[in-house]
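Enquirer: Have a look at the structure that comes next, please.
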Amino acid sequence: MALVQQIQLQQGEPGARGRARRVTGSPALRMVGRRLLAVIPVLIGVSFLTFAIMSTLPNNTAQAILGLSASPAAVAQLNHSLGLDRPFWVQYWSWLINVLHGNFGTAVQGQSVNHELAIYVPTTLALLVYALVVSLALAIIVATLAARRPNGIADRINLTVSMLGLSTAPYAFAFLLIIIFAVKLGWFPVLSGPVTGPASFFRNLTLPAASIGFGLFAIYSRLLRADLVEQMQREDYIVTAKAKGVAPWRVLIRHALRNSLFNLITVIALNLGGLVGAVAIIETVFQVQGIGNDLITGISNHDLPLIQGITLVFALVTVAGNLLADILYAVLDPRIRYGSSTS
Amino acid sequence: MTDALLQVDDLRVTFAVGGREVRAVDGISFTVSPGATLAIIGESGSGKTVSCRAIMGLLPTGTAIGGSARLRGTELLGLSDAELRRYRGSDLAMVFQDPARSLNPTMRVGLQITEAITTHRATRGGRQSKREAQQQAIELLRLVRIPAAERRFHEYPHQLSGGMRQRVMIAMALACRPKLLIADEATTALDVTTQAQIMELLLELQEELGMALIMISHDLGLAASYADEVIVMYAGKIVEQAPAAGLFGAGGAVRMRYTRALLDAIPHLERPAHTLLPVVTGRPPDPTALPPGCSFAPRCQYAEDDCRAKVPALAEHVPGHRWACWHPCENGAAPHD
Amino acid sequence: MAAPLPDVTLLGALPPLPSLVNARRLRAQRLGRALRLWVPAGILILMLAMCFVLPLVASLPSPTKGDIIVNNEPPFSPGHWLGTDMQGVDIFSKLVYGGQVAFEIGAAVTAIGIAIGGTLGIIAGYFGGSVDAVISRVLDILIAFPALVLALVIAQGLGGSEIHVIWALSVFGIPAVGRVTRGATLTIRGLPFMVAAKLSGTRGWRIIARHVVPNIIPTIVTFSLLGVGIVIILEGALDFLGYGIPPPTASWGNMISNGQQILSAQPEYVLIPSIALLVTVASLNMLGDALRERWSTQ
Amino acid sequence: MTEQAGPESGGVPGDAGAPQPGEREARGPGGLGRVPPGRGVKGGSPPFAGGASPRGDGDTALLSVRDLVQEFIVRERGGGKAGVVQAVSGVSFDVMSGETLGIVGETGSGKSTLARAILQAPRPKSGSVVFRGTELTNLRGGRLLQARRHMQFVFQDPFGSLDPKWKVRSIIDEPLIAYRAGGREARRKRVNELLDLVGLDPARYAGRHPRELSGGQAQRVAIARAVALEPSLIICDEAVSSLDVLIQAQVLNLFEKLRGELGLSYLFIAHDLALVKQVSDRVAVMYLGKLCEVGQGEAVYRRPLHPYTKALLDSIPSTEPGAGRATATIEGEPPSPINPPSGCRFRTRCPLATDLCAAEEPLPRELAPGHVVACHFPLMPGTSVITPAASSGVRQA
């Protein structure tokens, strides 16, 4: 029988690893760095997918520009001058290079996509942030009130209202808002005009934001309420806080709410993609001068450069939202900020 | 007898779970004297944790609680939450089983201790500055023998080891110098070497601060080693109660059949390997359908017809030693030998 | 020391303790639980019966052709109990046939989502490693992609028809189901019984079929119910934007879109299909919640 | 995209103490677990490899583990590498046929990782596992499956290890199907036999789901599944720790009964020394990924050689007359397995530690027949003195 215990040298030099760790800084920073790197393939994938789908679909830009009566020869001519007869990947590559230089190309109607985006993106972002912030704030307040007494009156009202919000089509809700607040009460315009200042911001964007926000509020408040109730009933640190004699409100807000925010942040980030879709519909309903509305027009014109540009902006919003969520995790959760282990 | 710190009389706790009634605690009475150590022993579901949480007012709303629990003459049961909070954390404090889950993961440990201090400062009279509370918290961390207390004050729970976390929990519980500390399986999740450290700390602090201690545990060895008085619970009832010396050790004698079975079932270092353990069959009764007689009768090999018909009362048969059994073990004799 | 109690052994057994729980509350608990499941389930069954059985047993007016003479009839008119639209088409009939479209698309998109997304999610979650990395990245891209945009592009490119709407909306359904399935599979994969199954000699696809799938079915079913609701809303959105079911065919989205023009004069044209949509989606959501509650307490 | 905290993003398994930066560099020149040939070893049997079995047929071991190393990379959120947990660092031992070897260790000692590494689930980083003469570490797929057939596992959490969607009958049937053990009717009979064997009435329990069982019953089902293929070795990882005392005793007796009836060997892993001693012929004490003492159960308990074993024994509260109060003889808690101390891993808490302990890793030495310790300063100076009590071995039940 063998007597010798073989030495098993472990891979990697532990000392060197330790030093490397100190150099690269805090785990949170490295995590953000890693996330930023992961953004690039997603953005490339999104643009490629749009390009691929648009190119395979039976429609073409030249025909859209020249109209249905244009002769085949004229269409082929324009296709050539636009570079649309080149192989698909050559087109994509040149588009990508242009984008990397900050040039999103020229839309069907001849205007620069950069210009379009510069006009429309701020309005859409304002609408998005408005809807998000208000619905989130309301959701946090309402969910906390509801979780204070599960199955109490506040809770039941919240559950009913949020079930309605969850089940209502945003465009149908938009019509309800228009009937009540624009047609009957006249507080807001039926169709939104351009946003020029704070007053016109509230006047023009409140109804669209409310149409988007109702559904968001429903999702957020249900999630947060469920999480808070679960924590108040299940988590040992809640019992600890109560055993210390901490007042119920303080237990709920100081101990439960902060720990509930993680799930909420995850869901917000996950929903961003769907949210920008909803923006497109609602902007159409209210004729808001934003990229959602612009996109719908672009799609009906089969305007590839415009669609590409807008899709990329949407994807960027989603990806940036997710990155923000990761940073927020790190801010809120000391386990991430100070590394995941006890050492 | 009148100077009892905590007097519990006929405490009953009933839950409604999934549309069924669960009798978690079924009429228990006991007394804790100032400075004493009481161990409440029982298997899971015996009602030991529920009874202590009922006294602390920590059970979920909708739980029916009956009977009486008086802290130095003040009735605790039936107090509003706001009234009860004056006692919770100040006169009554609690340490829980799992220190990893009992501390708020997103809050620095120092803040969690100062919270315990500041919560009660209004009732204790005199305002304290934040600095004072902080200073006090650091002293508490030193009191529970946490090295580098100032540094630990600013750390988060995940940066501490299991034993350290439990020390923080104890520091938090001691923030207002409670008269009674309830340790609910406080060492179960810890390793045995850490358990010994924490138990020694608790007993030292108990002596230093003159507080009473209720140890809730499933471990009879822990009771034998550290408690003055032992209560054994089964299916929501107290089945035996005696001073630790009256149960364990040379002069002790376990009388209730259930306690005996529990004692026999524990593997001992002194027992030779591969010997079969004396066992009772079956499992604890369904708390929604307790048997009519003694709850242990269905599993007890000494049970007779009277055991299955009538509930034996917990009575003081020998001074200081109470048991609830129609056919108790003979004094000093282990039935399985 | 404990106060000595009177020696009650002589008295025999203690009196039974009175029940502390209100029997009415127990019954109410049980009733509430049952209602939360059966009310939405009942409504859904009624809706399905109305959309699919009613046209077979009763002769409804055509949902596409109407008599211009009886146009713009208000609700509760003789022969048209929900009234008629501008072309004189019976609204109830449109509601019924539009409902068929909504349910068909909702079911089909969810089924495609489960078939493709579910398979991808299980594979990614179970095998992990580079397989997971690739699948997750693809799902990431599809989710980062505004689903509606893609759906619109596809619907516009292919032209409006029920089958095209189904494909377009599947772009939304597949990554959503995929992600949920992957998460559920990951959770299951880490449980001890999976290790136990492997150590018992069960391998590969058999583990997936017999251990993973049965355990993630509750998650998929509850999510699918929510998913059907979302798909129905999205289908309406496509119709509404003019890229869905092409107009004379009845659909709830088309009804809402058409009603937009006479919104202030006759809001019921928008309200009736909106309410149908709301009731359907709410029932799906509530049924999902009730099932989740039931399965989580098991 | 944001991920829910996955299995990789959690903390280090188990608790760990304060960080010990810089100690890695101080590692002694001896490297990890190097044992010079012939040193500290008697009679040709490797250290910790367990000498004569109580049954006397100790020539070939049923299970032979050599220098087993298992490491895990701890990842932080976002996938960065946070460190390497040295969960098992060069563990060697033998389990003889018919023998029960108990492994005692506290949280984070690596005992569960050791059990999994033996089963190749996951495969260990290095080292050798020879079971019934077959090296397992280089087998894959069907060959590994066949080799593992006679080695089964019982887990800590009885409910977690049973698929909640399956009925008891299918659960026990699973290994029979997987190893093609007979036709439908034969398997059906076998399942009933197995249920009888573990003390569950087939008529009442075969059709139940795990949630309709108590913890003890669920563990019996898990045991029935483990013995279904008539294994020769069962690895029990904290198999009774989550059970109440009375149920625990029932299950322990079941293990004893099966040992007698089926001639089983056990590798019995637990944190409770008294429990391990109750069922084991030999006991191995594990600390921070390494074995520090191995010997006959009685010997380890009556004459602990390693200061850690002594501390463990002193900490156990007992109900026995004359046992005295449990005492805490060592301070602190085990350090992190990410950065284990140099030299002897116990030295940071050892009352006897000197500079030597930090500089040089203690080698396993057999100080009494079958009683091996890895300590520079074992508690029994003069080594070869063995009391009658210690050498009397283990009484058979």
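Enquirer: Filtering the range A:154-176 down to residues that are aliphatic (A, V, I, L, M) and either within 11 Å of another protein chain (Cβ to nearest Cβ) or part of a loop (DSSP other than H, G, I, E, B) (or both), which residue is surrounded by the most Cβ atoms within 10 Å (Cβ to Cβ)?
Expert: A:Ala169
Enquirer: Looking only at residues in the range C:124-141 that are without any contact (Cβ under 8 Å) to a residue 60 or more places away in the chain and open to solvent by less than 40 Å² (accessible area, probe 1.4 Å), which one is nearest to the chain's Cα centre (by Cα)?
Expert: Out of the qualifying residues, it is C:Leu139.
Enquirer: Same structure again: Give all pairs with beta carbons closer than 8 Å in which a residue from the range A:126-141 that is without any contact (Cβ under 8 Å) to a residue 40 or more places away in the chain meets a residue that is open to solvent by 40 Å² or more (accessible area, probe 1.4 Å); count only pairs at least 6 apart in sequence or on separate chains.
Expert: Close Cβ pairs (under 8 Å, with a partner that is open to solvent by 40 Å² or more (accessible area, probe 1.4 Å)) do not exist here.
Enquirer: For the range B:167-205, name all the residues that are more than 10 Å from every other protein chain (Cβ to nearest Cβ) and among the polar types (S, T, N, Q).
Expert: Once the filter is applied, which keeps residues that are more than 10 Å from every other protein chain (Cβ to nearest Cβ) and among the polar types (S, T, N, Q), the range B:167-205 yields only B:Thr188.
Enquirer: Check A:Leu316, A:Leu272 and return the single one that is under 18 Å from A:Val134 (Cβ atoms) and open to solvent by 10 Å² or more (accessible area, probe 1.4 Å).
Expert: Just a single option satisfies the conditions, and that option is A:Leu272.
Enquirer: In addition: Looking only at the range A:211-237, filter to residues that are at the interface with another protein chain (Cβ under 10 Å from one of its Cβ atoms), assigned to a helix (DSSP H, G or I) and more than 15 Å from A:Thr160 (Cα to Cα); which one of those is most open to solvent (accessible area, probe 1.4 Å)?
Expert: For the range A:211-237, the residue satisfying everything is A:Arg234.
Enquirer: Could I ask something else about it? Among the numbered conditions (1) more than 8 Å from chain A (Cβ to nearest Cβ); (2) touching a helix residue (DSSP H, G or I) at 6+ places or on another chain (Cβ under 6 Å); (3) modelled with pLDDT under 90, tell me where B:Ser129 comes up short.
Expert: Answer for B:Ser129: the failing condition is (2).
Enquirer: Which pairs turn up if I take residues in the range B:147-160 that are at the interface with chain A (Cβ under 8 Å from one of its Cβ atoms) and touching a residue at least 40 places away in the same chain (Cβ under 8 Å) and look for partners that are part of a helix (DSSP H, G or I) and open to solvent by 50 Å² or more (accessible area, probe 1.4 Å) with beta carbon separation below 8 Å, at least 6 apart in sequence or on another chain?
Expert: Matching pairs, first to second residue: B:Tyr156/A:Arg335; B:His158/A:Arg335.
Enquirer: If you don't mind, another one. Considering the range D:293-341 alone, what residues qualify as being touching a residue at least 12 places away in the same chain (Cβ under 8 Å) and β-branched (Val, Ile, Thr)?
Expert: D:Val294, D:Val300, D:Thr309, D:Ile316, D:Thr327, D:Thr329, D:Ile330, D:Ile338
Enquirer: Shifting gears a bit: If I filter the range B:237-277 down to residues being more than 10 Å from every other protein chain (Cβ to nearest Cβ) and not in a strand (DSSP E or B), which single residue comes out as most open to solvent (accessible area, probe 1.4 Å)?
Expert: Once the filter is applied, the top-ranked residue is B:Ala245.
Enquirer: Something else: Got at least one residue in the range B:206-228 being touching a strand residue (DSSP E or B) at 6+ places or on another chain (Cβ under 6 Å), within 12 Å of another protein chain (Cβ to nearest Cβ), open to solvent by 20 Å² or more (accessible area, probe 1.4 Å) and part of a helix (DSSP H, G or I)?
Expert: Looking for residues that are touching a strand residue (DSSP E or B) at 6+ places or on another chain (Cβ under 6 Å), within 12 Å of another protein chain (Cβ to nearest Cβ), open to solvent by 20 Å² or more (accessible area, probe 1.4 Å) and part of a helix (DSSP H, G or I), one finds none in the range B:206-228, hence no.
Enquirer: So, in the range A:271-300, how many residues would count as being in contact (Cβ under 8 Å) with a residue 24 or more places away in the chain and more than 7 Å from every other protein chain (Cβ to nearest Cβ)?
Expert: Counting residues in the range A:271-300 that are in contact (Cβ under 8 Å) with a residue 24 or more places away in the chain and more than 7 Å from every other protein chain (Cβ to nearest Cβ) gives 18.
Enquirer: Among residues belonging to the range B:35-64 that are open to solvent by 10 Å² or more (accessible area, probe 1.4 Å) and within 12 Å of chain C (Cβ to nearest Cβ), point out the one that is farthest from B:Leu263 (Cα to Cα).
Expert: B:Gly62
Enquirer: Can I ask one more? Do we have any residue at all in the range A:80-94 that's assigned to a helix (DSSP H, G or I), modelled with pLDDT of 80 or more and closer than 23 Å to A:Asn322 by Cβ?
Expert: The answer is no; no qualifying residue exists.
Enquirer: From the list A:Ile141, A:Ile179, A:Ile153, A:Ile238, which residue is under 26 Å from the mean Cα position of the chain (by Cα) and not aromatic (Phe, Trp, Tyr)?
Expert: Result of the check over A:Ile141, A:Ile179, A:Ile153, A:Ile238: A:Ile141.
Quick grid of which residues meet (1) touching a Leu at 6+ places or on another chain (Cβ under 9 Å); (2) under 19 Å from C:Lys198 (Cβ atoms); (3) surrounded by 19 or more Cβ atoms within 10 Å (Cβ to Cβ):
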site: D:Ile177; (1), (2), (3): no, yes, no
site: D:Gly183; (1), (2), (3): no, no, no
site: D:Glu193; (1), (2), (3): no, no, no
site: D:Gly207; (1), (2), (3): no, no, no
site: D:Arg225; (1), (2), (3): yes, yes, yes
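Enquirer: Okay, next question. I'm checking my understanding of the structure. Among residues of the range D:308-332 that are over 24 Å from B:Ala223 (Cβ atoms) and more than 20 Å from the chain's Cα centre (by Cα), which one is least open to solvent (accessible area, probe 1.4 Å)?
Expert: The qualifying residue least open to solvent (accessible area, probe 1.4 Å) is D:Gly332.
Enquirer: Does B:Ala183 satisfy being assigned by TED's automatic domain parsing to the domain that holds B:Met215 and not in a loop (DSSP other than H, G, I, E, B)?
Expert: For B:Ala183, the condition - assigned by TED's automatic domain parsing to the domain that holds B:Met215 and not in a loop (DSSP other than H, G, I, E, B) - is met.
Enquirer: Kindly indicate whether any position in the range A:108-120 is within 22 Å of A:Val267 (Cα to Cα) and either of a type in the set (D, E, K, R) or surrounded by 13 or more Cβ atoms within 10 Å (Cβ to Cβ) (or both).
Expert: No.
Enquirer: Any idea which of (1) over 22 Å from A:Asn259 (Cβ atoms); (2) open to solvent by 60 Å² or more (accessible area, probe 1.4 Å) is the one A:Ile179 doesn't satisfy?
Expert: (2)
Enquirer: Scan the range C:169-192 and give yes if some residue there is farther than 30 Å from D:Arg225 by Cβ and over 19 Å from the mean Cα position of the chain (by Cα), otherwise no.
Expert: no
Enquirer: Another question, then. Would you confirm whether any residue within the range C:254-271 is closer than 13 Å to C:Phe103 by Cα and crowded, with 19+ Cβ neighbours inside 10 Å?
Expert: Within the range C:254-271 (the criterion being closer than 13 Å to C:Phe103 by Cα and crowded, with 19+ Cβ neighbours inside 10 Å), the answer is no, since none of the residues qualifies.
Enquirer: I've got another one for you. Which of the residues belonging to the range D:333-360 are more than 22 Å from the chain's Cα centre (by Cα), assigned to a loop (DSSP other than H, G, I, E, B), charged (D, E, K, R) and away from chain B (no Cβ under 14 Å)?
Expert: D:Arg347, D:Glu360
Enquirer: C:Ile163 - would you say it is open to solvent by 10 Å² or more (accessible area, probe 1.4 Å), within 9 Å of another protein chain (Cβ to nearest Cβ), among the hydrophobic types (A, V, I, L, M, F, W, C) and without any contact (Cβ under 8 Å) to a residue 24 or more places away in the chain?
Expert: For C:Ile163, the condition - open to solvent by 10 Å² or more (accessible area, probe 1.4 Å), within 9 Å of another protein chain (Cβ to nearest Cβ), among the hydrophobic types (A, V, I, L, M, F, W, C) and without any contact (Cβ under 8 Å) to a residue 24 or more places away in the chain - is not met.
Enquirer: Hey, can you tell me all the residues within the range B:103-118 that are in a loop (DSSP other than H, G, I, E, B) and open to solvent by 10 Å² or more (accessible area, probe 1.4 Å)?
Expert: Across the range B:103-118, the qualifying residues are B:Pro105, B:Arg108.
Enquirer: Of everything in the range B:76-90, what is at pLDDT below 90, assigned to a loop (DSSP other than H, G, I, E, B) and touching a Lys or Arg at 6+ places or on another chain (Cβ under 8 Å)? Give them in sequence order.
Expert: Once the filter is applied, which keeps residues that are at pLDDT below 90, assigned to a loop (DSSP other than H, G, I, E, B) and touching a Lys or Arg at 6+ places or on another chain (Cβ under 8 Å), the range B:76-90 yields B:Gly89, B:Ser90.
Enquirer: Which one of these is within 14 Å of chain A (Cβ to nearest Cβ) and touching a helix residue (DSSP H, G or I) at 6+ places or on another chain (Cβ under 9 Å): C:Leu169, C:Leu186, C:Leu199, C:Leu191?
Expert: C:Leu169
The values are calculated or read from the model by the stated rules, or taken from the named source; none is laboratory data. Everything quoted here is computed from the prediction, not taken from an experiment. With ideal geometry, Cβ positions are generated from the backbone for all residues, glycine too; neighbour counts draw on all protein chains shown. Accessible surface is based on the protein model in full, side chains and every heavy atom, while ligands, DNA and RNA are left aside. Shrake-Rupley method; radii C 1.70, N 1.55, O 1.52, S 1.80 Å.
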